[in-house]
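Notes to accompany the following structure.
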């Protein structure tokens with residue numbers, strides 16, 4: 001049987017762990033040639049070996065590093081047909097009045113600048129290949145604000161804005177641009193957020209999880225990384241050929 005992504009080249013940033021790793025694994029299973037990018041070369045190489053992908057170390061917030069990443073793609077045969085802008089950080093958990101501006105700047109550099117830089121270098125290549133699909137990782141917090149998370153919320157709202165704008169620029173080139181908006185996703189990054197909230201708010205982790213996350217979801221549970229990966233596969237595949245400029249929630253019905 002023909003797989004959904006047979007013959008496609010997919011670049012997944014932040015692809016060594018969490019949602020990015022789940023997406024990369026799913027794309028490999030769907031027949032894509034997958035390249036994962038990230039800052040930690042050793043962990044990246046180990047993950048790539050496990051999922052039968054290619055690893056290229058890169059810092060998406062640094063334009064020279066992004067240019068080198070795409071130059072290596074060119075040398076390896078070209079691409080991408082699919083770009084998943086997944087690299088990101090959770091940012092500081094703090095009130096605006098207590099904001100560490102260095103942490104704010106880092107959040108914007110990776111989550112926003114990194115997204116735009118990868119788009120900048122991917123679009124000409126996708127245009128030359130006759131089209132493509134760009135999937136930007138936003139968040140439920142890209143659709144509405146959350147207390148103590150102004151840095152992350154602002155960065156993910158910006159990703160929605162980039163998605164809206166770029167989708168209108170490149171549709172004529174048969175390039176689709178959509179945003180994924182996961183809710184609370186089970187995994188290492190979410191556990192860091194919970195630990196930061198425990199320290200900042202003085203509440204037990206179980207109380208924070210129940211009242212702020214799982215009890216607010218219609219399905220009364222976390223989202224798993226593999227569920228986000230299935231949504232990414234839909235946006236990457238011909239099944240979503242008529243969809244661009246959209247924002248797809250994967251949040252267990254979070255209110």
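Annotations for the structure displayed:
- Debye log10 I(q)/I(0) at q = 0.14, 0.17, 0.18 Å⁻¹ for the chain, Cα point scatterers: -0.91, -1.33, -1.47
- Going by neighbour counts of Cβ atoms within 10 Å, the residues 206, 106 line up, fewest first, as 206, 106.
- Cβ-to-Cβ counts within 10 Å put 234, 27 in ascending order as 234, 27, the fewest first.
- Cβ-based exposure ranking for 246, 100, 59, in which fewest neighbours within 10 Å come first: 100, 246, 59
- Computed label-point distance, nm, for sites residue 95 and residue 188 using a 7 Å Cα→Cβ extension: 3.2
- Computed extension gain for residue 218 through residue 200, at 0.36 nm per residue and net of the alpha carbon distance, reaches 3.8 nm.
- The calculated pair-distance distribution of the range 1-108 uses every alpha carbon pair, bins of 5 angstrom beginning at 0, and gives 2, 13, 21, 21, 17, 10, 7, 5, 3, 1, 0, 0 percent.
- Projected area, mean over directions - the range 102-153, Cα convex hull, nm²: 4.1
- Computed [θ] at 222 nm, deg cm²/dmol, the chain (DSSP H ≥ 4; -39,500 (n - 2.57); rounded to nearest 500): -14000 deg cm²/dmol
- In terms of the mean number of neighbouring beta-carbon atoms within 10 Å, the peptides 159-165, 191-197, 239-245 order highest first as 159-165, 191-197, 239-245.
- Most tightly packed first, judged by the mean number of other beta-carbon atoms within 10 Å of their residues, the peptides 119-130, 31-42 read 31-42, 119-130.
- Restricting attention to the chain, close to 5% of DSSP beta bridges with both partner residues there are antiparallel.
- For the range 176-255: rounded, prolate or oblate by the Cα gyration tensor [a/c cutoff 1.5]: prolate
- Gap separating the Cα centres of the range 75-96 and the range 134-198, nearest whole Å: 10
- Taking 0.36 nm per residue of separation and subtracting the Cα-Cα distance, full extension of the segment from residue 246 to residue 74 would add 59.0 nm.
- Computed E for residue 63/residue 146 - FRET, C-beta separation, R0 25 angstrom, nearest 0.05: 0.25
We did not get these values from a lab; they are worked out from the coordinates using the rules stated. The shown structure was predicted, so the numbers you read here are calculated from the model rather than taken from an experiment. Ideal geometry is used to build each Cβ from the backbone, glycine not excepted, and the neighbour counts take in all protein chains shown.
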